[in-house]
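> Sharing a structure, written as structure tokens. Questions coming.
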């Protein structure tokens, strides 16, 4: 219980490490020394100390963009279990709240981009909503598959129910498909290769980075920070499934969760080093593939888990906290 | 019950007084809007009382017709619909007093107000009538009153065309309703809607199909939706708000009422509604994405939201048919709450669109832009409505969608994975596409630089219009934060729909709402985090140098409004992906040669069902009718002969029968 309170500060402090690790891995593959793992912190610190310049075209919506992005990602974080570690807030159906609270951040990021009246930012915004429209069904269907396998309806109890032997249980291997879908969603939502290249130098080819071209100073710092948090959030979803260590010892679980997260960052770095960006028209197909994985998993997982679970839900003993 | 009748009377009286005032715009508005306000205040009291658990006696009055009866009753289901109907009508009336002013020199406003009040009164009677004859009469008055409202600007060819489409569609729907009620009356022995006839399984299914088509036409299920994108943009905006916010919900009411009367549903009814809901929802939002006309876009979103309601109803019926009461309660509860929510945010959005039309003189999104600076009130209210319709927390759209999601997830967990998965996939896709559509609508209309002269000179609307929008926006936030409170009043209708025994129902309903309390807590946390983040940003920027400049354009120093992304270009990746369904027509003149002349590009997305289904059908009907033209030649002697022959045939038939 005390440890679940630890997750939030840990994420808030540790999230910028993830892009640091990715950059380091990419540098390794390219044969460079690369920036320090702590470089994102230094970048943030520098940005937060600056002033700002606003376009005359913009309104308060532009200024609200970074605020909402940060607040919504943090709200998603409060619902997020790290491996076997329960979240601060858990209730049946919180996975829907989780997905939609992230969508709120996206809405305002896109609105802030459109507020500048720039063609580049409009283009990025258009692509962002396009990818999101396709990744949302994949995410929710993937979570539904996990819910069906475990018989649980909240993120915390759902991830807690995934034990180390989950792959050996009937229907368990199908969860690998969900993991694949979650990894694809992780890459798409965090604007990584093969969907988007965060390091490109041409505004025309960027998606997420181009949407925030006009933000500067503390605003841009908040955006970068929110992006790192989002990486933590979606990374924990994937790693909690891929590294299902549930020892019952909170410290060990926490450690395993963190290891999983950095493994996902490592994976991202490798993907970015060995792959090129997909052609834009191919992106829909990859996201559709993720949705197809989720649907397939939903059909393949063990149907109607331990029947004893059903009357428990039926008798509607739905407690505010289903966390163990 | 008396006060409901009084409310209807006040509405009709106000309308009649407005009609009498005729060309005097000020008095017509005074009587019209006054009647609507007064009627709404009087009528909403008994409805709230019923929802709070104090039943109202049914009413039966003398009736001059040989069939039917004048019988009214206000049960919780009716009361749940009366509240949004009267509430939105009152707000739209306040809005209309200002919105209609520019039209006053050109046309008498009396008739418009008369039909507006008549529409409100007839909707009220439709949801409380307990006799099929009375119901159908009120239904017809509702259709005709709204027809005259749609054709308000009848000097425009497009408006007359839209009115005609609406008139034909609504009457085609009524034919099915007539059959539906005749079937019920034949089996039940009376036209009363309170006495529930016991139908055989086959007849019940026939009745369900008739109700689905008949009420679905009014509600706007695909493919019966074709009148919606025509009629809603043509009507004055406050009328569009009422039509889209509550009038099409009378179709949903009718369907729900039919469900309570037809007994336990077989599984395929649930599948049917899930299918209709998924198709209406996804195609509705896709068509909306392809539109450039702001009000047409909103009209297609009504189709989408009706689809969401149908998904809720469908998953509720699947739950009921499979004996999963939790799924049934959550599904029906979500569908009901979405009825109220859609009235709130769609009313708000249509009023916002009307305010744009009022202030900027056009509703073509490609000529708008930058209105948030010129119309801060309208823009902010529209933003709230846009976020609410996308189902984003902490606003109301999320609460009802959450309930339907939860019903679907429960269905998945409890062994109905297939139905649940369809609902989840449809809702998620609809949610993602709606977000694309409303970032487009809000971003292109209110953000950036104005794309035309009219938009540059736009002005904010006055107090009456602002007030109506602000009340609706506050309603969106209220339901978003206090969803469980609102839903705890709706246990009555949910119990009726889910067919659960009333004795232990309220308890299980309260437990089913427990997750919703957590959603409210989550929404509060979100609001708190928003405030924290805003404070953090303000603290970081304190005392720093804040400059103003141009939007970054790769160093280009003279960006113009024409360089912005347009509504069409914003939606293009998605409409391109789904071009198979949309069949967008493109007309492009490419730049050619070394010194290219003018180039142009235009797209248009006509309704596939209108073009592919109804147009050929009606053309076929016309062709057949033309074949019979030889019967009509204008010679009076022959017409007399037709009459004589008909009489003779009837006489022979009568004699032969006896």
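> Could you list B:152, B:81 in order of exposure, starting from the residue whose Cβ has the fewest other Cβ atoms within 10 Å?
Fewest-to-most Cβ neighbours within 10 Å comes out as B:152, B:81.
> What list do you get for B:125, B:384, B:248 if you sort them by fewest beta carbons within 10 Å?
Sorted ascending by nearby Cβ count, the order is B:125, B:384, B:248.
> What is the average number of partner chain Cβ atoms found within 10 Å of a Cβ in A:87-93?
If you average over the peptide's residues, the count of other-chain Cβ atoms is 5.
> Here is a follow-up. For the pair residue A:263 and residue A:28, how long in nm is the line joining their label points, each one 7 Å along Cα→Cβ?
Spacing of the two 7 Å Cα→Cβ label points: 1.5 nm.
> Also, quick follow-up: When N is the residue count of the stretch B:608-657, what does its C-alpha Rg come to as a fraction of 2.2 N^0.38 Å?
That ratio works out to 1.83.
> Sorted by packing (mean other beta-carbon atoms within 10 Å per residue), highest first, where do B:312-320, B:451-459 land?
B:312-320, B:451-459
> Another question, then. Over the stretch B:248-346, what is the mean sequence separation of C-alpha contacts under 8 Å (at least six apart), divided by residue count, expressed as relative contact order in percent?
Dividing the mean separation by the residue count of the stretch B:248-346 yields 28 percent.
> For the protein assembly as shown, take the convex hull of the Cα atoms, compute a quarter of its surface area, and give me that in nm², please.
45.7
> Here is a further query. Measure nothing but the geometry: give the 0 to 90° angle between the long axis through the Cα atoms of A:250-274 and the longest principal axis through the Cα atoms of chain A, rounded to 10°.
Here the helix axis deviates by roughly 50 degrees.
> Related question: Roughly speaking, what is the centre-to-centre gap between the stretch B:367-381 and the stretch B:121-137 when only Cα atoms are used, to the nearest Å?
40
> Determine how many Å³ per residue the convex hull of the Cα atoms of the stretch A:12-301 encloses.
122
> So what is the relative contact order for chain B, in percent, with contacts set as C-alpha pairs under 8 Å and at least six apart?
12
> Something else now. Is there a simple number for the mean count of other chain Cβ atoms within 10 Å of the Cβ of residues in B:542-551, and what is it?
Across B:542-551, the average partner-chain Cβ count within 10 Å equals 6.
> How high is the FRET efficiency between residue B:59 and residue B:632 when r is their beta carbon distance and R₀ equals 45 Å, given to the nearest 0.05?
Efficiency computed from Cβ-Cβ geometry: 0.40.
> Relative to the first principal axis of the alpha-carbon coordinates of chain A, what is the inclination of helix A:175-189, with its axis defined by its Cα atoms, in degrees from 0 to 90 and to the nearest 10?
20
> Further, regarding this structure: Where is the GNM fluctuation largest for chain A (alpha-carbon springs, 10 angstrom cutoff): A:289, A:256, A:179?
A:289
> If you count, for each residue, the other Cβ atoms within 10 Å and average over each peptide, how do B:643-651, B:159-167 line up from highest to lowest?
Per-residue Cβ counts within 10 Å, averaged per peptide and sorted highest first, yield B:159-167, B:643-651.
> With n ≥ 4 as the cut-off for DSSP H runs, can you work out [θ] at 222 nm for the protein assembly as shown, using -39500 (n - 2.57) per run divided by the number of residues, rounded to the nearest 500?
-23000 deg cm²/dmol
> Related question: Residue B:604 to residue B:560: FRET efficiency via 1/(1 + (r/R0)^6), r the Cβ-Cβ distance, R0 25 Å, to the nearest 0.05?
So the FRET efficiency works out to roughly 0.45.
> Give the relative contact order (percent, whole number) for the stretch A:12-301; include only Cα pairs under 8 Å separated by 6+ residues.
This gives 32 percent for the stretch A:12-301.
> Over the stretch B:297-376, what portion of Cα pair distances is larger than 17 Å, expressed as a whole percent?
When every Cα pair of the stretch B:297-376 is considered, 58 percent fall beyond 17 Å.
> Ok, one more. What translational diffusion coefficient, to the nearest whole µm²/s, does chain B have by Stokes-Einstein, given a Kirkwood radius computed over alpha-carbon pairs, a temperature of 25 °C and 0.890 mPa s viscosity?
93
> Next question, about the same structure. Measure nothing fancy, just the Cα-based angle from helix A:2-14's long axis to the longest principal axis of chain A, in degrees from 0 to 90, nearest 10.
It works out to around 20 degrees.
> Could you order the peptides B:10-18, B:175-183, B:513-521 from most to least packed, using the average number of other C-beta atoms within 10 Å per residue?
B:10-18, B:513-521, B:175-183
> I would also like to ask the following. Out of the DSSP beta bridges found with both residues in the protein assembly as shown, what percent are antiparallel (nearest 5)?
Approximately 75 percent, going by the DSSP bridge assignments.
> Under 20 Å from a point placed 7 Å out from the Cα of residue A:41 along the Cα-to-Cβ direction: which residues of the stretch A:234-270 have their backbone N that close?
What the label zone holds, given the 20 Å backbone N cut-off, is A:255, A:258-263, A:265-266.
> Right, next: So, in Å, what gap is there between the alpha-carbon centers of the stretch A:140-192 and the stretch A:223-263?
The two parts, judged by their Cα centres, are 14 Å apart.
> In what sequence do A:214, B:507 fall when counting other Cβ within 10 Å, fewest first?
B:507, A:214
> Expressed in nm², what is the orientationally averaged projection area of the convex hull enclosing the Cα positions of the stretch B:395-553?
15.5
> Let me know the mean shielding of A:61-68 by other chains, meaning the per-residue number of their Cβ atoms within 10 Å of its Cβ.
So the per-residue partner count for this stretch is 5.
> Mind pulling the per residue volume of the convex hull built on the Cα atoms of the stretch A:176-285? Å³ is fine.
Cα convex hull per residue, to the nearest whole number: 110 Å³.
Values quoted throughout were computed directly from the atomic coordinates according to the rules given, and no laboratory measurement underlies them. Keep in mind that what you see is a predicted model, and the values were worked out from it rather than measured. Every residue, glycine among them, receives a Cβ derived from its backbone with ideal geometry; neighbour counts consider all protein chains shown.
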